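For reference, the structure is listed below as structure tokens.
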Amino acid sequence: MPVDPTPNHPRTLVEKIWDRHIVVPERDDTPAVLYVDLHLIHEVTSPQAFAALAARGLRVRSPDRTIATADHSIPTLPGTHAGTLPIADSAARAQVDRLTTNCREYGIRLYGQGHGQQGIVHVIGPEQGFTQPGMTIVCGDSHTSTHGALGALAFGIGTSEVSHVLATQCLLQRKPRFMEVRIEGALPPGIAAKDVILAVIAQVGVAGGAGHVFEYRGRAVEALTVDQRLTLCNMSIEAGARAGLVAPDDTTFEYLSGRAEAPKGAAWDTALARWRTLPSDDGARWDRSVTIDAARLAPMITYGTTPAMAMPIDWAIPEPDQLPNHADRQAVSQALRYMALQPGRPLIGHPVDVVFVGSCTNSRIDDLRDAARLVRGRSVANGVRMLVVPGSQEVKRAAEAEGLHHTFIGAGAEWREPGCSMCIAMNGDMLEPGQYAVSTSNRNFEGRQGRGSRTFLASPATAAAAAVTGRVTDPRTLLEGRFS
Amino acid sequence: MTRWTSPWTGRATLLAADDVDTDQIIPARFLKATTRDGLGAHLFADWRNQADGTPKSDFPLNRPGAASRPILVAGRNFGCGSSREHAPWALTDFGISAIVAKSFGDIFRSNALKNGLLPIAIDGDDWAAMAQTLEQAPETELTVDLPARQLRIGTWSTTFPIDPFARFCLIEGVDELGFLLQQEAAIQAFEEQHV
Ligand code: SF4
């Protein structure tokens, strides 16, 4: 039985979305059956799910609610997207082929190689208007939290669950707990959403959000563009939270209006009226709450091997002996050994081999503009390799219409085709063992960007500053007069 | 009858690290498979092997007999990071049936339970006592009793939390997809009313 859609206690945004998608209510001994509005799939985590369906003779229940893209293992070298598949690696090719076959067989729309709107799954969902406020969205990918930026409840699932959603359009879920993440005040110039989320993760810890859904609130969040909100929500999982949302507002509606898959005409008006009821009610109850003062934020960078090992860029690398707890002492000293960094020394000035601007965290037009603003009139430093990988074909075209590619190419950077690229290093774009990268992606785990890779996570501006100086550099020192 | 119907006993491998992420459990370059078989060979590939492929003899899972130890003991937030179900596939393919940790990444816990891999979360003091026992006596046998939600070593025991539905599915061998397929009438009714 559908539950009463308007209980009379004040509810959070997440609670409202949750209540509206209950097919069978949760009981002590069984989770809720939750309806999924939109299911995104990609080549890496879907093949075994389709195989599970085939093994039971099942069909895809709602192909029209399923969207596929090839992004993780496809090449990003210029000129590789248009024609045939020049994937050098036969296993990766087999995986992409399997996705294509599955989509054809089950009637699923595929934004594959050569498609004019192809891109990283978490970039094209919002960009094409598939992602809408109030929706439940899942994908076999932990960064599905990204879509929360438009006020959707979006979270990553495993491949077994991908098969559940393909077959039934539903998932078995327990109601999450709610955590309010308030970013109060105004961000200083030169501070990006990436700096905010790294500061949140450093404060909350990599497991701090476990079992919770974040709602990002406060004046600094309201002032962000949708591209920046997408960056913020993207990394919720790095604090252990499966999802992170921002309440839909006029910024959201303006962004969505006119997008290919967004409602049109009378349907838009109906949707808009419903979306306006979504924001959390006054008096809604949060299980936990944290507050961050935006005005005090500096550019953030990671020094270790988890995203929580992050600090303001002008701080010294922590000394493990001075950390209060034993587990942190051990973890940080092991991380610094892996990173070959000296405790107590500044990170600013540390040499860098590669700079990667891309990934579902930071590959949208706002991100490329941030990086270009810093690169303009400068050159990539000798011995440094800079890759700029737009998140989608549409982002790439928008950037080229503004001439951003000339800025990057002119400075000596590589301007690539859309894909996950060096974020996950499955497609041949990777660091060599021991190399250092400043990367705008979301994970600095050991070996994430290639075996033995050493990653400093940072914003596009901080990444670009490292590219032009060859060293970890505070972008504010290069940005004088370039803020407008 | 499943292996979870009654208590069972086995030895454990101690991997005393926190925040073990799924990129370590199974590095991304091994995610190009289109089946779920054989991933155990790549479990912890970069922690187990040198760059040239030779095994690191001091890594706990490389010690003689590790493959016959069904329990892995790890620290806080085991399985954080990526949603890749290849992580539990690699662990079970290697021969692991239960992981005892201080806590787990949410998606990993959910994925593990769907693959007959039991995540056992125990609190810090119990964990420390157990880790100390295993350090001093690596051949210690642990008893996993899912019906009683207990982990036991000799006369020592601790109770662990587990979702009642997940416990029911493991013990009865019920798979979630089968359960969901039985909800078809409710799903149709929902779609008629809301979609
Ligand atoms: S860009 Fe990186 S984090 Fe994002 S979907 Fe691709 S691999 Fe995953």
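Summary table
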quantity: Estimated buried accessible area (total), pair B and A, 1.4 Å, Å² to nearest 100; calculated: 4800
quantity: Rounded to the nearest 20 debye, dipole of the range A:365-484 from Cβ charges on Lys, Arg, Asp, Glu; calculated: 240
quantity: Neighbourhood charge, 9 Å Cβ-Cβ cut-off, centred on residue A:78 and excluding it, Lys, Arg +1 and Asp, Glu -1; calculated: -1
quantity: For residue A:111, distant residues with modelled amide H under 5 Å away; calculated: A:68, A:69, A:70
quantity: Per residue solvent-accessible surface (Å²) - the range A:331-408, probe of 1.4 Å; calculated: 37
quantity: Charge context of residue A:267, other residues only, Cβ under 12 angstrom, K/R +1, D/E -1; calculated: 0
quantity: Under the Karplus curve 6.51 cos²θ - 1.76 cosθ + 1.60, θ = phi - 60°, whole-Hz ³J(HN,Hα) for the range A:109-119, x wherever Gly or Pro sits; calculated: 5, 10, 9, x, 4, x, 6, x, 10, 4, x
quantity: Solvent-accessible area, 1.4 Å probe, carbon plus sulfur percent, for chain A; calculated: 50
quantity: Separation of the residue B:182 and residue A:276 label points, Cα + 7 Å toward Cβ, nm; calculated: 4.5
quantity: Three-way shape call for the range A:354-479 based on the alpha-carbon gyration tensor, with the a/c threshold at 1.5; calculated: oblate
quantity: The range A:291-310 versus the range A:251-282: alpha-carbon centroid distance in Å; calculated: 33
quantity: The protein assembly as shown: antiparallel DSSP beta bridges as a percent of all, rounded to 5; calculated: 30
quantity: Under 26 Å between alpha carbons - lysine pairs in chain A that sit 8 or more apart or on different chains; calculated: 4
quantity: Dipole magnitude of the protein assembly as shown about its Cα centre (Cβ charges: Lys, Arg +1; Asp, Glu -1), debye to nearest 20; calculated: 720
quantity: Whole-number D in µm²/s for the protein assembly as shown (Stokes-Einstein; Kirkwood sum over Cα pairs; 10 °C, 1.306 mPa s); calculated: 63
quantity: In the range A:317-413, GluC sites (Glu not before Pro) in a DSSP loop with at most 15 other beta-carbon atoms within 10 Å; calculated: A:402
quantity: Residue B:163-residue A:260 pseudo-label distance in nm [points 7 Å out on the Cα-to-Cβ vector]; calculated: 3.5
quantity: Interface residues in the range A:138-163 - accessible area drops by 20 Å² or more relative to the isolated chain, probe 1.4 Å; calculated: A:142, A:158, A:159, A:160, A:161
quantity: Cα shape, the range A:112-239, gyration tensor, a/c 1.5 rule; calculated: oblate
quantity: Per-pair calculated FRET efficiency, R0 = 60 Å: residue B:191 and residue B:50 via Cβ, rounded to 0.05; calculated: 0.65
quantity: Charge dipole (debye, nearest 20) of the range A:305-393; +1 at Cβ of Lys and Arg, -1 at Cβ of Asp and Glu; calculated: 340
quantity: 5 angstrom amide H check on residue B:120, placed H, neighbours 5+ away; calculated: B:99, B:100, B:101
quantity: Cβ-derived FRET efficiency at R0 25 Å, residue A:249 paired with residue A:177, nearest 0.05; calculated: 0.55
quantity: Which of A:285, B:29, A:11 is most accessible, then next, and so on - probe 1.4 Å; calculated: A:285, B:29, A:11
quantity: Sites residue B:67 and residue A:59 - FRET efficiency at Förster radius 30 Å, r taken between beta-carbons, to 0.05; calculated: 0.15
quantity: Percent accessible area from carbon and sulfur atoms, the range B:115-195, protein chains only, probe 1.4 Å; calculated: 48
quantity: Long-range HN-HN contacts of residue A:301 with modeled amide H, under 5 Å; calculated: A:311, A:313
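The values are calculated or read from the model by the stated rules, or taken from the named source; none is laboratory data. If you're wondering where the values come from, they're calculated on a predicted model, not measured in any experiment. Cβ sites come from the backbone with ideal geometry, for glycine too, and all protein chains shown count toward neighbours. These area figures cover heavy atoms from the full protein model, side chains too; ligands, DNA and RNA do not enter into them. Shrake-Rupley method; radii C 1.70, N 1.55, O 1.52, S 1.80 Å.
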